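Enquirer: One structure, as structure tokens, below. Some questions next.
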Amino acid sequence: MSLEERGRALFCAPMEAASPPSRRPLAAIGAVSAVAIGFLFWLIYFREGAGPTSPESVAFLPAVNATLNGLSAICLVLGFRAIKRRDRGLHQRFMQLALAFSSLFLVSYIVYHSLHGDTPFPGQGAIRPIYFFILISHIVLSVIALPMVLSTFYLSWSGQFARHKKLARWTFPLWLYVSVTGVVIFAMLRVYTS
């Protein structure tokens with residue numbers, strides 16, 4: 001038995017035989033997402049004490065965050081490609097990597113913003129509304145994407161593949177947009193603050 005077959009037997013077979021779906025896990029995902037989003041808004045926009053000066057110990061984190069977002073985007077595209085080729089095992093591995101990179105990004109983002117605060121965009125002229133369009137769409141869609149990503153993973157892990165596939169059709173482009181625009185925002189800030 002190949003490694004992929006053993007993985008499928010271990011992770012997929014018990015889930016496919018699971019009992020009918022429960023709404024409790026999805027409600028919990030919604031609650032956890034709401035708390036996480038509320039915390040992030042508080043941290044960035046309302047917390048006192050986080051100033052615009054960057055301690056040297058976290059000055060490298062924006063580049064790390066952009067790298068993690070970029071790696072997540074690459075894994076998302078490769079995972080999408082794998083499922084289109086009907087390679088479920090490879091798809092799972094890439095999607096788990098995308099989730100891991102996005103999770104590491106979130107931890108790094110929280111650390112950076114708790115010690116540094118928000119970074120104002122100094123660009124002027126035509127670039128300013130372009131930057132804020134990208135930033136605002138990134139923020140709004142990341143708020144929408146978080147519970148969708150977690151729900152999509154839950155549906156897969158619980159063997160509800162038909163529901164997983166339906167939700168993933170919406171989750172994938174949102175998650176990809178948020179990952180790519182995270183890199184774009186970093187690049188724009190780097191160009192205009194250097």
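Residues are listed down the side, and each one gets a yes or a no for (1) under 20 Å from the mean Cα position of the chain (by Cα); (2) among the small types (Gly, Ala, Ser); (3) more than 15 Å from Gly79 (Cα to Cα); (4) assigned to a helix (DSSP H, G or I):
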site: Gly123; (1), (2), (3), (4): no, yes, yes, no
site: Ile130; (1), (2), (3), (4): no, no, yes, yes
site: Leu135; (1), (2), (3), (4): yes, no, yes, yes
site: Val140; (1), (2), (3), (4): yes, no, yes, yes
site: Val149; (1), (2), (3), (4): yes, no, no, yes
site: Ala168; (1), (2), (3), (4): yes, yes, no, yes
site: Trp175; (1), (2), (3), (4): yes, no, no, yes
site: Thr181; (1), (2), (3), (4): yes, no, yes, yes
site: Ala187; (1), (2), (3), (4): yes, yes, yes, yes
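Enquirer: Name, by its number, the condition in (1) of a type outside the set (S, T, N, Q); (2) open to solvent by 60 Å² or more (accessible area, probe 1.4 Å); (3) farther than 22 Å from Ala59 by Cβ that does not hold for Leu115.
Expert: For Leu115, the exception is condition (3).
Enquirer: I'm told Ser156 meets every condition in (1) surrounded by fewer than 19 Cβ atoms within 10 Å (Cβ to Cβ); (2) more than 16 Å from the chain's Cα centre (by Cα) except one. Can you identify the failing condition by its number?
Expert: All conditions are met except number (1).
Enquirer: Now, a different point. Of the residues in segment 118-136, how many are small (Gly, Ala, Ser) and either surrounded by fewer than 13 Cβ atoms within 10 Å (Cβ to Cβ) or touching a strand residue (DSSP E or B) at 6+ places or on another chain (Cβ under 6 Å) (or both)?
Expert: First, pick out the residues of segment 118-136 that are small (Gly, Ala, Ser): 123, 125-126.
Retained after the next criterion (residues that are either surrounded by fewer than 13 Cβ atoms within 10 Å (Cβ to Cβ) or touching a strand residue (DSSP E or B) at 6+ places or on another chain (Cβ under 6 Å) (or both)): 125-126.
Counting residues in segment 118-136 that are small (Gly, Ala, Ser) and either surrounded by fewer than 13 Cβ atoms within 10 Å (Cβ to Cβ) or touching a strand residue (DSSP E or B) at 6+ places or on another chain (Cβ under 6 Å) (or both) gives 2.
The values are calculated or read from the model by the stated rules, or taken from the named source; none is laboratory data. Note that the structure is predicted; figures quoted are calculated from it, not measured. Because the Cβ atoms are built from the backbone with ideal geometry, glycine has one as well, and the counts that use them run over all protein chains shown. The protein model used for the area step is the full one, side chains on, heavy atoms only, and it has no ligands, DNA or RNA in it. Shrake-Rupley method; radii C 1.70, N 1.55, O 1.52, S 1.80 Å.
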